Amino acid sequence: MRIAFPHMGNAYIPLRALVESLGAEAVVPERPNAETLKRGLLHAPEFACLPFKVTLGDCLNALDRGADTLAMVCGMWACRFGNYGRVQHMILKDLGHEFDSVLIGRENVGEVAEKFRSGLGPGVFRRLPGALAIFRCKAAAVDEMERLARWARPREEKYGSTDALLFRYLDLLDGADSLRQVRELRGSFRDELLSRPLDGEDGVTRIRLVGELYVLLEPSLNCDLLRRLGSVFRVEAHPVLSTYRWLLGPLWLDPRIQLHGYRARRRTRPYLPYVLGGEEHMTISGILDARRQGFDGVIHAYPLTCMPENICRTVIPSITARTRLPHLGLCFDEHTSPAGVETRLEAFLDLVRDRRRIQTGGLGEQGDVMAGDVSAAAAAGGGRYPLCRSGAGG
């Protein structure tokens, strides 16, 4: 079996480890770029959200690389994400592609197990505990590396040094083949990152990031939002969701994730008494807790036509007005321009910093970034997410 799955942030690292530990070959397509989006737009329904179009392009790229099996999670919930796999695989087969479709959900666990047994042999079940162990270990390592990088970016002395270190260690982590090696890389990254000279806390703004899962986690789709906030605007951004939480939650490999989700649903019951199938409860609970947790503002990122997040969008203004917390809504589709996103971020962060300066009685902040510095830093940053750099769609 040559199994492929769409990109979503750095989830490909633990997913590749899981697939290859089971005895299959993982086919990881190239990072989403302008061509990926163009291919997805050509064959996706016009009203579908941007994540559907980008992941469809990912599937086409994976088939071009020789994948014979496409895997995707599915489910019976209100959010259309539960039907992505079914609809995308129907589109691909209508285009003439031949492949095995593996749709992973709670409703068809036996069917999925039988497909893996027939494709990889009965020994696949003996390899499953070891595969899940390295899967969880790599997911936890990715989560910690990303969290430390978000903390270090606004404090780095040299622009881009944190990302250079992060990308190097992520590549090493992707190639690690033992639990011991993963743990050593995790510790080495932590030691090397924290041993570098840092600028301190002057000018660092703390922002809570909420919204739809894919938009929060995939840099190629969100115009590299986390890197821009950290390195360009000196913002310590805290997304309410993570790759670790999304990967391990459905498998019950970390009970803390279920407890956190239960708390979020209970906390938001006065605003959202029903489960919509997306990340709506995490979005609202993240905003409700933001002021108490010391955040200066909230950014809500979501794709156009996303039903759960558009419902949240009607609730958020009343919450932020009551808590006196500035918030910015960023809606992404194929026409979103990186320059437009950067302009809105700059204006919003100027407002947040002026508000904090007034509240604290300060006269100024050395960390404020002027427009010229922002443009120069963005041009120098590059990054490794070409969809954002290209300015596809405008």
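If I filter the range 225-234 for residues that are in contact with a Cys (Cβ under 7 Å, 6 or more places away or on another chain) and either at pLDDT 90 or above or of a type outside the set (A, V, I, L, M, F, W, C) (or both), do I get at least one hit?
Within the range 225-234 (the criterion being in contact with a Cys (Cβ under 7 Å, 6 or more places away or on another chain) and either at pLDDT 90 or above or of a type outside the set (A, V, I, L, M, F, W, C) (or both)), the answer is no, since none of the residues qualifies.
Criterion first (in a helix (DSSP H, G or I), in the same structural domain as F167 (by TED's automatic domain parsing) and either under 30 Å from E280 (Cβ atoms) or of a type outside the set (S, T, N, Q) (or both)) does R147 satisfy it?
Yes.
Going through the range 151-189 one residue at a time, which ones are loosely packed, with under 15 Cβ neighbours inside 10 Å and basic (K, R)?
Scanning the range 151-189 gives K158, R168, R180, R183.
Six or more apart or on different chains, Cβ atoms under 9 Å: show the pairs whose first residue is in the range 152-175 and closer than 16 Å to L194 by Cα and outside the structural domain of D191 (by TED's automatic domain parsing) and whose second is at pLDDT below 95 and of a type in the set (A, V, I, L, M, F, W, C).
Matching pairs, first to second residue: none at all.
If you take the residues of the range 237-264 that are surrounded by 18 or more Cβ atoms within 10 Å (Cβ to Cβ) and over 16 Å from the mean Cα position of the chain (by Cα), which of them is nearest to F5 (Cα to Cα)?
For the range 237-264, the residue satisfying everything is I257.
Answer with yes or no whether V19 is closer than 30 Å to A176 by Cβ, out of contact with any strand residue (DSSP E or B) (no Cβ under 6 Å at 6 or more places or on another chain) and in a helix (DSSP H, G or I).
no
When residues of the range 264-294 are filtered for being closer than 23 Å to R80 by Cβ, in a helix (DSSP H, G or I) and of a type in the set (A, V, I, L, M, F, W, C), how many remain?
Total meeting the criteria: 3.
Quick check on my filter: what residues within the range 63-98 are hydrophobic (A, V, I, L, M, F, W, C), more than 25 Å from E309 (Cα to Cα) and not in a loop (DSSP other than H, G, I, E, B)?
L63, L70, A71, M90, I91, L92 - these are the residues of the range 63-98 that are hydrophobic (A, V, I, L, M, F, W, C), more than 25 Å from E309 (Cα to Cα) and not in a loop (DSSP other than H, G, I, E, B).
Rundown of residues vs (1) closer than 27 Å to G211 by Cβ; (2) at pLDDT 95 or above; (3) in contact with a Phe, Trp or Tyr (Cβ under 7 Å, 6 or more places away or on another chain), yes/no style:
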{"position": "I3", "(1), (2), (3)": "no, yes, no"}
{"position": "R16", "(1), (2), (3)": "yes, yes, no"}
{"position": "L37", "(1), (2), (3)": "yes, no, no"}
{"position": "L56", "(1), (2), (3)": "yes, yes, no"}
{"position": "N61", "(1), (2), (3)": "yes, yes, no"}
{"position": "L70", "(1), (2), (3)": "yes, yes, yes"}
{"position": "G82", "(1), (2), (3)": "yes, no, no"}
{"position": "K93", "(1), (2), (3)": "no, yes, no"}
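Collect the residues in the range 121-131 that are assigned to a helix (DSSP H, G or I) and surrounded by fewer than 17 Cβ atoms within 10 Å (Cβ to Cβ), keeping them in residue-number order.
F125, R126, R127, L128, P129, G130
Within the range 297-342, which residues are buried (at least 18 other Cβ atoms within 10 Å of the Cβ), aliphatic (A, V, I, L, M) and in a loop (DSSP other than H, G, I, E, B)?
The one that is buried (at least 18 other Cβ atoms within 10 Å of the Cβ), aliphatic (A, V, I, L, M) and in a loop (DSSP other than H, G, I, E, B): L325.
Is there any pair linking a residue in the range 322-339 that is in contact (Cβ under 8 Å) with a residue 60 or more places away in the chain and assigned by TED's automatic domain parsing to the domain that holds G211 to one that is of a type in the set (G, A, S) and part of a helix (DSSP H, G or I), with Cβ under 9 Å and at least six apart or on different chains, and which?
E334/G40; P338/A378; P338/S390
Considering the range 69-107 alone, what residues qualify as being touching a residue at least 24 places away in the same chain (Cβ under 8 Å) and polar (S, T, N, Q)?
T69, Q88, S101
Can you tell me which of (1) modelled with pLDDT of 90 or more; (2) surrounded by fewer than 18 Cβ atoms within 10 Å (Cβ to Cβ); (3) within 19 Å of T283 (Cα to Cα) is the one E192 doesn't meet?
(3)
Being touching a His at 6+ places or on another chain (Cβ under 6 Å) and of a type in the set (A, V, I, L, M) is the filter here, so list the residues in the range 71-107 that pass it.
I91
Scan the range 217-226 for residues that are in a helix (DSSP H, G or I) and either at positive phi or in contact with a Phe, Trp or Tyr (Cβ under 8 Å, 6 or more places away or on another chain) (or both) and report the count.
Qualifying residue count, the range 217-226: 1.
Of everything in the range 277-296 that's crowded, with 24+ Cβ neighbours inside 10 Å and closer than 24 Å to P338 by Cβ, which residue is nearest to the chain's Cα centre (by Cα)?
E279
For the range 121-147, give me each residue that is within 21 Å of the chain's Cα centre (by Cα) and of a type in the set (V, I, T).
I134, V142
Considering only residues of the range 43-54 that are surrounded by fewer than 17 Cβ atoms within 10 Å (Cβ to Cβ) and modelled with pLDDT under 95, which is farthest from E98 (Cα to Cα)?
By that ranking, first place goes to F47.
The values are calculated or read from the model by the stated rules, or taken from the named source; none is laboratory data. The model shown is predicted, which means the values in this text are computed figures rather than measured ones. Every residue, glycine as well, gets a Cβ built from its backbone with ideal geometry; the counts of neighbours run over all protein chains shown.
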